[in-house]
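See structure below.
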Amino acid sequence: MKRLFLILAICLIIALSAIWGYLLFFGAPESTREFFANFNFGNTEETTPIPEPDNSLFEEGEGVSEPTELDALRQLTTKPVAGYAEVIDQASSSTFIYYIEVGTGHIFKLDAITGTEERLSNVTIPNAQLGYIHEDGSVAVVQSAAPGDGELTIVELTGALDTANSFPLIGAAHDFTLTEDREVLYTLKINTGLEGYSYNIETKVTDQIFTLPFREAVVSWGKSGDATHFAYPKADPRLEGYLYNVSNGVLTREPVSGFGLTAKGNNQMVLASKMEGDVYTSIIYIPEKNAVTESNYPIVPEKCLLSEAVTSAVCAVPVDPIPTNGITNWYKGITTGTDRLITISTTEGNDAFLLLIDLQQVSGRNIEAINISASPLQDKLYFQNNLDRTLWLYTI
């Protein structure tokens, strides 16, 4: 018996030595900066379609983050965040992160290098849940109550705590966003559907920009009120949904549809997902070419950041395969998971994937990334952890 244990111990030592030797000589590569610049990820090889997440789908070489790169991944806040923006101070050229606190609507200025924090607004917005801050740090729009039908408040930031000003914009907005041109785009429910509006903060002029023939709808906003927007009926796995684009007030159906359809897009590309029986599948649609291809990887469109320049995107995708009812429960807020950040690059109808970072592997924590954005220089990714809505930074 002792001899048997001795043999087993020797075998175990040999196996561990082999694993250690493999890790020593076959490490992961280094930076992803070259691939991320301008959302143009360079030449990518064609990938092989597979039905569920698998590491073999990702390209080897640059782009795989080593677990030792913990310094590149940082938690910026311990408070839950309703909205945020990277702001460059014009006078000092210093970079700060402005964010809106959940519940109070208070706006803070954070120095990501020193960790110092300054409150910019004494305006309290009860039950603040969602918001956007302009990239110049001069104004924010905040929604109170449950996201989807809450009151919108505009907060003007002057740089001094006591002089911040606010005024209500609308009582029960549905979808909304804040554009680079300082427009608040939002929808309002009417008896026959949804109406889309643009409010110019500078001129204080409100214009109606479209009407949708369904009340329960989601809008993927364009860059301005007169840009192209995409819309679809609120996702339901029991109902077939259709994707529409809205341009100059005209509603046009796109060649994308499916049960439980969700989508996010711009003029360059649209990412969409649907249920085919019990299988969650994703679609990449290129409007300019009217080309629809099935994605090799299941994508939750709302967890993606799309490039405005090329047909590329950064997405947070789950580590584990999405179960049959998992995506429905995710939209209901019942279930969460942990993610990888990947890039998607589409060329000639073929989509290629590149792993940026496995958030759990690097941090040792469960992180589900939502509300992803890139810095103006595209050297940093910001996102929130859906588990607690804290703000995180990943330096490319």
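The table that follows gives values for the structure above.
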{"item": "Inter-label distance, nm, simple model (7 Å from Cα along the C-beta direction), Arg215/Thr116", "result": "5.2 nm"}
{"item": "Difference of contour (0.36 nm per residue) and Cα-Cα distance, Asp136 to Arg238", "result": "32.4 nm"}
{"item": "Solvent-accessible heavy-atom area per residue, rounded to whole Å², over the stretch 155-195 at 1.4 Å", "result": "45 Å²"}
{"item": "Extension gain from Ala291 to Glu308, taking 0.36 nm per residue of separation minus the Cα-Cα distance", "result": "4.3 nm"}
{"item": "Contour excess over end-to-end distance, with Cα ends at Glu202 and Ser92 and 0.36 nm allotted per residue", "result": "37.0 nm"}
{"item": "Distant-in-sequence amide H partners of Phe214 (H built 1.01 Å from N, under 5 Å)", "result": "Leu194"}
{"item": "Selection from Ser224, Asn200, Ser257 lying farthest towards where the dipole of the stretch 169-268 points positive, charges on Cβ", "result": "Ser257"}
{"item": "At R0 = 22 Å, FRET efficiency that the Cβ-Cβ distance of Ile370 and Glu180 yields, to 0.05", "result": "0.55"}
{"item": "Accessible surface of the stretch 77-229 [probe 1.4 Å, protein heavy atoms]: carbon and sulfur percent", "result": "49 percent"}
{"item": "Of Lys79/Lys264; Lys303/Lys380; Lys204/Lys303; Lys109/Lys189; Lys189/Lys264; Lys79/Lys303, those spanning more than 25 Å from alpha-carbon to alpha-carbon", "result": "Lys79/Lys264; Lys204/Lys303; Lys109/Lys189"}
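The values are calculated or read from the model by the stated rules, or taken from the named source; none is laboratory data. Source: prediction; values computed, not measured. All Cβ positions, even for glycine, are placed from backbone atoms using ideal geometry, and neighbour counts span all protein chains on display. The protein model used for the area step is the full one, side chains on, heavy atoms only, and it has no ligands, DNA or RNA in it. Shrake-Rupley method; radii C 1.70, N 1.55, O 1.52, S 1.80 Å.
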